[in-house]
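Single-structure report; data block below.
The values are calculated or read from the model by the stated rules, or taken from the named source; none is laboratory data. Predicted model only: the values in this text are computed from it and were never measured. Because the Cβ atoms are built from the backbone with ideal geometry, glycine has one as well, and the counts that use them run over all protein chains shown. The accessibility values were calculated without ligands, DNA or RNA, using every heavy atom of the protein model including side chains. Shrake-Rupley method; radii C 1.70, N 1.55, O 1.52, S 1.80 Å.
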Amino acid sequence: MEDLFKEEKNPASHFVQAGERAFNMIALRGVVVFPGQSVHFDLARDKSVIALNTAIERGEDIFLAAQKHAHTQNPAPKDIYRVGCLAKIKQVIKMPNDSVRVTAVGLERMEITNFVSLLPYFKVALTPFPVQKSDPVLIEAVFRRLAEQLEKYKKVDVKLTPEAESILKASDAAAFVGVMGSQVYKKEDEKQKLLSFSDEFSQLEDIYAFLSRETEILSVEKKITQKVRQNIDKNQREYYLREQIKAIHDELGDAEDELNMYRERAKKKKLPKQAFDKVNREIAKLERMNPTSPESAVSRTYIEWILDLPWHEVSKEMKDLKEARRILDEDHYGIEKVKERIVEYLAVNRLTKELKGPILCFVGPPGVGKTSVVSSIARASGRKLVTMSLGGVRDEAEIRGHRRTYVGALPGRIINGMKLAETVNPVFLLDEIDKMSSDFRGDPASAMLEVLDPNQNKAFKDHYLELDYDLSKVMFVTTANTLDTIAPPLLDRMEVIELSGYTYEEKLQIAKRYLLPKQIKANGLSDGMVEIPDALMKDIIAHYTRESGVRNLEREIGAVCRKIAVKVVGGELLKDSVYTVSAADVAEFLGVEKYRDDKQVAEDEIGLATGLAWTSVGGVTLTIEVALIDGGKGDIILTGSLGDVMKESCRAAMSLVKSRAAAFGIPPEKFNTTDVHIHFPEGATPKDGPSAGITIATALLSAFSGRKVSKSVAMTGEVTLRGRVLPIGGLKEKSLAAFRAGIKKLIIPIENQKDVKEIPSEVTDALSIVYADNIDTVFENAIV
Ligand SMILES: Nc1ncnc2c1ncn2[C@@H]1O[C@H](COP(=O)(O)OP(=O)(O)O)[C@@H](O)[C@H]1O
Ligand SMILES: [Mg+2]
């Protein structure tokens, strides 16, 4: 207000001179009005609204001038440009916020010469300020330049109105300036400048300068925005892709991580160079694969095999041989020689370090502790134990694996065993190597030979792995029931240690000290809870089992413990009480006795003799039956799955009996009118070998002479055509079998006398042994 009063005192403001016209004036913010151009603006200030209303009341036009600064609230005359535009008010709309919206159209350019009054609104004295015409040639030239420039401008500013173009074509300078000024020019001071030029040429020139400058600026701006847009697009695209990849990876358990994990593991693993290169090549291959493809699964399996295998990890070996012996004793009763041999073997290993020595092979009937002694070896030497059962292995690929081209290929059992061992120096048990057979799929024995050969097993080649694998630190140990079926080159590599069957007394000790405690534990009972008196244990041994080893015995003891465990669970027994098994319990728990000695010793019979055989299940008694068929032609019929040697033995025995016929009062013609049937009844197990010779001869003689053979006699021995008795093998096993069968007299070849010391005294105490050098001695002792 103060300001206004000051202005009020300005005396010059009060006069309108000749040639001048006085009009109400509105100071506009940010708007410059050009003649011929319509304009919209809002008025909020009272001063402006009153100026507008009085002008409208009087039907007058109004003078519109721009403020020099849009932010000035109450502009004084000095704040207002002198050049403005007289305008006709077209429309006034009252807005809800008490402002008014005005539409007006510019009439002519005028200049303020004086402020007539400042309050309550501006009233100014004006003089016309027409634009001076310029040389039309000049104007034409400028217009041409402008046309070019406008073309360029159009490319950078899409907002250019078609109106501007058409006006340009008409070369109407005033209209062109109006359109450009009100629609194209951006800044008020530039607009004001354009409005204020005195002549057409200057105005057009300014427009030309403006256009070229703006074209430049806009094109640079456009470039920048494009670049920015491109950047944004690129970022967005990358972001989108990354999101997609992340989603895929999440789906697939993160292939990237997996590859890194493999690489890391390969580095940490300290692989031999060959394996390291191979696994890294495979990882690189995997990287290029679709992670969901079947090939990548194959690749991954392969990588994992290499990374899982032990390549240098060792378990610390136990050096103390006394401790080793203690462990062997802890696990097994008796078998002194076997334990000694094992300790020796371990001692030699300590010295040589390299396992160049022969492979141990434990041979013996089932259940004598071959497998369990090997696990003791592992314990006693501080090595891990892996077991590979070779029973029924007939395919080389089982040992050496399948090539990776084969669908579902995997390494063989040797490499598999090494993976389980997690160390390169385990005890590797090749169980039942005698049960390995060969067929069209290749010879597993030759693969086995490579495994066991210290010169070759430094670089064992598994088909799947395709890498040299060092087996030289592995302690291979084998077991077998018999040596007969082991391939000779394999057998050559082995040092055979025999485990023979146990006597009753040994079985009793094994049962009491080892099997019973083991079964008590296995059935979840507390230590020492079950007691089986010796007499009962012997009963179980004699009447519920008939075997060289203790496998069935262990099973029977297990059955007893199980029954007791049931009682504990059922609440019949307290968990910590001690239960002493009675005879009635044995009958109840184990059922009727399976074997009875006295049945065996039933009656003496004609044509029936008891032999002894040494089989893979240990020693067994073998009954030989001879039946004569009258009205025959002297043919020999053989039944009972016999091997060739056995068949030969039968013919030889026949000839022998013929040669002794006279001594036993057999008419010689009887041999021509009688067919002979020799039968070996004991099951379908193939029987072979010459050691049944004297038994066959005895049965034949009994049949032809009609004299009985003593049932309490068992015999073993080969016989020549002339009747000489030749030595046999497996005497210990055979004598144990005779003893188990309740035999009282044992006839053996005289040359086997040296082996009798191997027979346990328990057996020799119960049997009388007859040494025969001749078939006649046999007949004397066997025929009743
Ligand atoms: N001398 C022994 N002392 C203690 N336990 C034995 C003895 N011999 C065998 N056993 C036990 O008898 C069971 C059968 O032995 P195992 O090793 O399977 O026999 P194999 O492999 O010779 O057929 C195992 O529980 C084993 O520990
Ligand atoms: Mg075994």
- Item | Pair list, Cβ under 7 Å, 6 or more apart: the stretch 166-192 residue more than 19 Å from residue 86 (Cα to Cα), other residue at pLDDT below 85 and not in a helix (DSSP H, G or I) | 184/160
- How many residues are within 13 Å of residue 359 (Cα to Cα) and within 16 Å of ligand 2 (Cβ to nearest atom) if we restrict to the stretch 432-463? 1
- Message: Can you tell me which condition residue 304 does not meet? The list is (1) away from ligand 2 (no atom under 16 Å from the Cβ); (2) surrounded by 15 or more Cβ atoms within 10 Å (Cβ to Cβ), and all the others hold.
- Response: (2)
- Task: Give the residue, chosen from 242, 326, 281, that is among the charged types (D, E, K, R), modelled with pLDDT under 90 and open to solvent by 60 Å² or more (accessible area, probe 1.4 Å).
- Result: 242
- Message: Going residue by residue through the stretch 481-497, is there one that turns out to be modelled with pLDDT of 90 or more, within 16 Å of ligand 2 (Cβ to nearest atom), in a helix (DSSP H, G or I) and open to solvent by 30 Å² or more (accessible area, probe 1.4 Å)?
- Response: no
- Message: Can you tell me which condition residue 13 does not meet? The list is (1) open to solvent by 10 Å² or more (accessible area, probe 1.4 Å); (2) modelled with pLDDT under 90, and all the others hold.
- Response: (1)
- Message: So if I check each of 728, 748, 696, which one is part of a loop (DSSP other than H, G, I, E, B) and buried (at least 17 other Cβ atoms within 10 Å of the Cβ)?
- Response: 728
- Query: Can you tell me which residues in the stretch 374-398 are polar (S, T, N, Q), more than 14 Å from residue 416 (Cβ to Cβ) and surrounded by fewer than 19 Cβ atoms within 10 Å (Cβ to Cβ)?
  - Reply: 375
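Per-residue answers, yes or no, for (1) in contact with a Gly (Cβ under 7 Å, 6 or more places away or on another chain); (2) under 30 Å from residue 311 (Cβ atoms):
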{"residue": "462", "(1), (2)": "yes, yes"}
{"residue": "474", "(1), (2)": "no, yes"}
{"residue": "480", "(1), (2)": "no, no"}
{"residue": "485", "(1), (2)": "no, no"}
{"residue": "495", "(1), (2)": "no, yes"}
{"residue": "517", "(1), (2)": "no, no"}
{"residue": "535", "(1), (2)": "no, no"}
- Is one or more of the residues making up the stretch 749-756 under 60 Å from the mean Cα position of the chain (by Cα) and not charged (D, E, K, R)? yes
- Item | Residues being part of a loop (DSSP other than H, G, I, E, B) and open to solvent by 10 Å² or more (accessible area, probe 1.4 Å) - total across the stretch 699-725 | 8
- Note on the structure: Picking from 591, 611, the residue that is touching a helix residue (DSSP H, G or I) at 6+ places or on another chain (Cβ under 6 Å) and open to solvent by less than 50 Å² (accessible area, probe 1.4 Å) would be 611
- Message: Of the conditions (1) aliphatic (A, V, I, L, M); (2) over 21 Å from residue 134 (Cβ atoms); (3) loosely packed, with under 14 Cβ neighbours inside 10 Å, residue 209 satisfies every one except a single condition; which number is it?
- Response: (2)
- Message: Testing residue 555 on (1) free of Cβ contacts under 8 Å to residues at least 24 places away in the same chain; (2) more than 16 Å from ligand 2 (Cβ to nearest atom), one condition comes back false. Which one is that?
- Response: (2)
- Which one of 635, 604 is farther than 27 Å from residue 740 by Cβ and either of a type in the set (D, E, K, R) or open to solvent by less than 20 Å² (accessible area, probe 1.4 Å) (or both)? 635
- Residue check for residue 726: without any contact (Cβ under 8 Å) to a residue 40 or more places away in the chain and over 18 Å from residue 632 (Cβ atoms): yes
- Task: Considering only the stretch 314-420, give the helices (runs of 4 or more DSSP H) lying wholly within it that have at least 1 residues that are within 11 Å of ligand 1 (Cβ to nearest atom) and of a type in the set (Val, Ile, Thr).
- Result: 336-352, 370-381
- Task: Report whether or not residue 616 is surrounded by fewer than 15 Cβ atoms within 10 Å (Cβ to Cβ), more than 26 Å from residue 745 (Cβ to Cβ) and hydroxyl-bearing (Ser, Thr, Tyr).
- Result: no
- Query: Taking into account only those residues within the stretch 450-480 that are open to solvent by 70 Å² or more (accessible area, probe 1.4 Å) and among the charged types (D, E, K, R), which is nearest to the chain's Cα centre (by Cα)?
  - Reply: 466
- Task: Scan (1) modelled with pLDDT of 80 or more; (2) open to solvent by 70 Å² or more (accessible area, probe 1.4 Å); (3) outside any loop (DSSP other than H, G, I, E, B) for the single condition residue 270 breaks and write down its number.
- Result: (3)
- Hey, does the stretch 301-308 have a residue that's within 12 Å of ligand 1 (Cβ to nearest atom) and either within 29 Å of residue 615 (Cβ to Cβ) or not hydroxyl-bearing (Ser, Thr, Tyr) (or both)? no
- Just one of 656, 590 is under 27 Å from residue 711 (Cβ atoms) and not acidic (Asp, Glu); which is it? 656
- Provide a single number: the residues in the stretch 273-313 that are among the polar types (S, T, N, Q) and either within 30 Å of residue 347 (Cα to Cα) or not in a helix (DSSP H, G or I) (or both). 3
- Task: Mind listing whichever residues of the stretch 368-396 are more than 10 Å from ligand 2 (Cβ to nearest atom), of a type in the set (A, V, I, L, M, F, W, C) and in contact with a helix residue (DSSP H, G or I) (Cβ under 9 Å, 6 or more places away or on another chain)?
- Result: 377, 380, 385, 386, 388, 390, 393
- Query: How many residues are open to solvent by less than 80 Å² (accessible area, probe 1.4 Å) and either part of a loop (DSSP other than H, G, I, E, B) or not hydrophobic (A, V, I, L, M, F, W, C) (or both) if we restrict to the stretch 17-41?
  - Reply: 12
- Task: List the helices (runs of 4 or more DSSP H) that sit entirely inside the stretch 506-583 and contain at least 2 residues that are more than 16 Å from ligand 1 (Cβ to nearest atom), modelled with pLDDT of 90 or more and touching a helix residue (DSSP H, G or I) at 6+ places or on another chain (Cβ under 7 Å).
- Result: 534-544
